[in-house]
1. Could you tell me the distance between the Cα centroids of the range 42-72 and the range 291-324, to the nearest Å?
2. Using a cut-off of 9 Å between beta-carbons, work out the net charge of the residues near ILE273 (Lys and Arg +1, Asp and Glu -1, ILE273 not included).
3. For a quick check, take a GNM of the chain with Cα springs below 10 Å and name the residue from GLU269, GLU285, GLU108 with the largest mean-square fluctuation.
4. With N set to the residue count of the range 1-135, report its C-alpha Rg divided by 2.2 N^0.38 Å to two decimal places.
5. Computed over the Cα atoms of the range 113-236, what is the convex hull's projected area averaged over all directions, in nm²?
6. Before anything else, pin down the relative contact order of the chain: Cα pairs under 8 Å, at least 6 apart, normalised by residue count, whole percent.
7. Counting only complete DSSP H runs, which helices of the chain cover 18 Å or more along their long axis at the Cα atoms and score a mean Kyte-Doolittle of -0.5 or above?
8. Classify the range 127-168: rounded, prolate or oblate, from the alpha-carbon gyration tensor (a ≥ b ≥ c, eigenvalue square roots; a/c under 1.5 rounded; otherwise prolate if a/b is larger than b/c)?
Amino acid sequence: MALGDIYGADRLIPVKSAQIAGVSYKTIGDAGLEWISDLKGKAVIPAALNPMGMDRDAWQGMRIDAHFAQKQEEIIKAYERLGIKAECTCTPYYLERPKFGDHLAWSESSAVCYANSVLGARTNREGGPSALAAALIGKTANYGLHVRENRYPTVTIKVKEPIHGAEYGALGYVVGPKVGDGIPIFTFKSTPTEDELKHLGAALAASGAVALFHVLGVTPEQYILPPERIDVDSRDLEEGWQVPTRYFLPKDSIDVGLDAVKALMRKHEEPDIIALGCPHASKEELEEILRDLKGRNVRKEVWVCTGRSLGEKNPALIDKLRSHGIKVVYDTCMVVSPAANHFKRMMVNSGKALKYTPSMCGVDAVIGTTEECIEEACR
Ligand code: F3S
């Protein structure tokens, strides 16, 4: 209600699900634990959590100390008492894929970007407390990205050369600060996969404050007419995906060459850990890692972070990765777990992890493609 008043919302609207950040003891500490423990109520819609600070079952193997593990467990139990599922992932769309036009209350920034941009669902970038409030009443205030008029692109980003894989994340890292909290529409010479869009959005949200982006001819929400003619346009938009014959592109436009992206990816000082799965890896990304291993065992510490449900649905794939020496880690990630603090330099395939691991974990970070990360791991 308070947020609705601040942002001029006309009413509360029902939401299909909530995803709640503020879970790792590393980030919320005792004050956060106390606040959650004092709340009363029960979630009335499906609600899941962001990654916590450890693998709930295998924390000892991550060199997590017993005090941290106990506090983390108390946080999860406090959420469970509120009817929130202890499914801790930043890719809740692999649990249940929201539909075009669904209203949500999600808080993890990469998940928000994916839901809005790749799926055409509608969510603001909620804080942990407001997502939790939405879980308890099944509603959120109708403002921001819930309102179609606010979802128009504000800046065109023309990418002049084809790119692939981790380059999308590196591009997001470079472009994010230029866009801030705007809504970019990209024109690409290549067609990104959903995983590539996931990495682009995660990095845009981390290095800028992007919560929605469009890709011309690719993402499901395309604008045919400029905002001032939105009434004429509205019927088409409500009907969901279509392939219009012309598009609305903002005049404010940035041309992006790939020099900065390539320079970022050339920085390859030797890492002592390789961490993949930021955002949590999809089944396709796990398969790609297995292919890149080419039957070899890794010779360095390698973590692959993914959601527990996704892992448990694909036991053979997880066993194979583990048989090559990879640590598949559930419930947590390299940024929100204190386990990453034990290392000096981390190699990642994610623009978001590149942005956050230095400040959140005190490690240097370098970025490469998934294939380069695995080569480094086997060297
Ligand atoms: Fe997810 Fe952690 Fe990255 S929460 S998006 S894996 S920083």
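A short reminder: the numbers here are calculations on the coordinates, not readings from a lab. Nothing here was measured: the structure is a model prediction, and the numbers come from that model. Here Cβ is always computed from backbone atoms with ideal geometry, including for glycine, and neighbour counts include all displayed protein chains.
1. Using only Cα atoms, the two centres lie 21 Å from each other.
2. Overall, the nearby charge balance is +1.
3. GLU269
4. My calculation over the Cα atoms of the range 1-135 gives 1.07.
5. 8.1 nm²
6. 19 percent
7. On the way: long enough: 25-38 (19 Å, -0.31); 66-81 (22 Å, -1.07); 194-207 (20 Å, -0.01).
In the chain, the long hydrophobic H runs are 25-38, 194-207.
8. Oblate shape, in that a/c is at least 1.5 and b/c is the bigger or equal ratio.
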